[in-house]
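Participant: Could you have a look at this structure, given as structure tokens, before my questions?
The values are calculated or read from the model by the stated rules, or taken from the named source; none is laboratory data. Keep in mind that what you see is a predicted model, and the values were worked out from it rather than measured. Ideal geometry is used to build each Cβ from the backbone, glycine not excepted, and the neighbour counts take in all protein chains shown. The area values use the complete protein model at the heavy-atom level, side chains included, leaving out ligands, DNA and RNA. Shrake-Rupley method; radii C 1.70, N 1.55, O 1.52, S 1.80 Å.
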Amino acid sequence: MSTAVCPRRVLAAAGIAGVFLLLGSPGVRPEPLPSPPLPEPDARRLARDVAYLATTIGPRPAGSQAEQRAAEFIATRLATLGYTVRWQPFPLPGGRQSANVIATRGDQPPQLLIGGHYDSRPRAPGAEDNASGIAVILEVARLLAERDLPVQFVAFGAEERVVSGRNGHHFGSRYYVRTATAAHLAGLRGMLCIDCVGSGTRFLVQGCASDDGRLARHCRVLAWRHGLTPGGGPARLNSDHAAFARAGVPVAYYHRLPHPQTHTPHDLPYRVRPEFLQETATAVLLASEDLCAPLAALWPREPAAGGSRSG
Ligand SMILES: [Zn+2]
């Protein structure tokens, strides 16, 4: 028996189906478009990296041997993952030195910078502040290692306060921005700052006036669509995103509040919750995939309309 169908009817049916696909059938909510599977961050690996930095190495004050050990640990890991790693040394008050560890892959100019600091206050093991952020950065770098996205990972030295005064902290990120070319900074679609993401009950992705909080809002929407629930609001200029925001780069500040134990000897790994690290890593992965997608380069980077700080 023949099942031949008039080709014209097939085309007509396909046309009607196409219209329904585009508009959705009446009363039926269109299914969300399938997104590529997202790799799952490894909770045990995240916790292990926090423990290594905060317990095996311990307090990592700027310019100390312990800070340098932490930098070597980070650089070795990123190199093992296949990244090209560059050290960027810079001077500290009192004749000491620290360094940023910068990792890239492939030849494309970076469109996204993912960074956080690896130093801690003296006597503070710095599990939350900021072994938690470094663990997330290393895990995201591992999960993106085969993707060849135009992402640059930066572990900043000497974020914590070394001397009093406006410029008594954030040495690594300020040095990075000061020595970067205007073309490099203008080419960044954003800087994601990861600092203190393992213990507070409130997950926040906050923005700055550099882009009227647009990047942070976009990153929050990406996370919400994935079932995560970060809050927003204006970011205080209290971590490594500050230098980038002041230079006009859109920033998103991933952190959690409250964390009263930071800067104290009680900032220990047992307070850091691996599922919070996983959640942050997932949110950062979503932002990385979205902001580095080939079509994203076609969206113009909008300048801030006014001078107000917003999230
Ligand atoms: Zn910090």
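Participant: Quick check: net charge around E128, other residues with Cβ under 9 Å of its Cβ, Lys/Arg +1 and Asp/Glu -1?
Facilitator: Value of the local net charge: 0.
Participant: Oh, and also: Would you list the P(r) distribution for the stretch 162-271, with all Cα-Cα distances sorted into 10 Å bins from 0 and each bin expressed as a whole %?
Facilitator: Taking all Cα pairs of the stretch 162-271, the binned fractions are 14, 40, 34, 12, 0 percent.
Participant: Per the Kirkwood formula on distinct C-alpha pairs, the Rh of the stretch 43-295 is how many angstrom?
Facilitator: Details: mean 1/r = 0.0571 Å⁻¹.
About 17.5 Å, per the Kirkwood formula over Cα pairs.
Participant: Length gain on complete extension for the stretch L38 to R166, per 0.36 nm per residue less the alpha carbon to alpha carbon distance?
Facilitator: Working: separation 128, 0.36 × 128 = 46.08 nm, distance 4.06 nm.
Residue separation times 0.36 nm, minus the Cα-Cα distance, leaves 42.0 nm.
Participant: Further, regarding this structure: Per 0.36 nm of contour for each residue apart, how much would the distance between T55 and W87 grow if the chain were fully extended, relative to their Cα-Cα spacing? Show your work: numbers first, answer last.
Facilitator: Working: separation 32, 0.36 × 32 = 11.52 nm, distance 2.42 nm.
Separation in residues times 0.36 nm, less the Cα-Cα distance, equals 9.1 nm.
Participant: A follow-up question, please. Measuring from centroid to centroid over Cα atoms, what is the spacing of the stretch 49-108 and the stretch 210-277 in Å?
Facilitator: 21 Å
Participant: If packing is taken as the average number of other Cβ atoms within 10 Å across a peptide's residues, how do 204-211, 130-137 rank, most packed first?
Facilitator: Details: 204-211: 25.4, 130-137: 31.6.
Per-residue Cβ counts within 10 Å, averaged per peptide and sorted highest first, yield 130-137, 204-211.
Participant: Keeping all protein chains in place, calculate the accessible area per residue for the stretch 52-106 (probe 1.4 angstrom), answer in Å².
Facilitator: That works out to 46 Å² per residue.
Participant: Which value, in debye to the nearest 20, gives the size of the charge dipole of the stretch 43-295 about its Cα centre, when Lys and Arg are +1 and Asp and Glu are -1 at the Cβ?
Facilitator: In total the dipole reaches around 320 debye.
Participant: Would you mind working out the magnitude of the charge dipole of the stretch 133-189 relative to its Cα centre, with +1 at each Lys and Arg C-beta and -1 at each Asp and Glu C-beta, to the nearest 20 Debye?
Facilitator: Dipole magnitude for the stretch 133-189 comes out near 280 debye.
Participant: On the protein heavy atoms, probe 1.4 angstrom, tell me the percent of accessible surface of the stretch 153-273 carried by carbon and sulfur.
Facilitator: It is 55 percent, rounded to a whole number.
Participant: Note the full-extension length gain between T181 and R147 as 0.36 nm times their separation in residues minus their Cα-Cα distance, in nm to one decimal.
Facilitator: 9.7 nm
Participant: Let me cross-check T80: its accessible surface, 1.4 Å probe, with only protein heavy atoms counted, in Å² to the nearest 10?
Facilitator: Its heavy atoms expose roughly 110 Å² to the probe.
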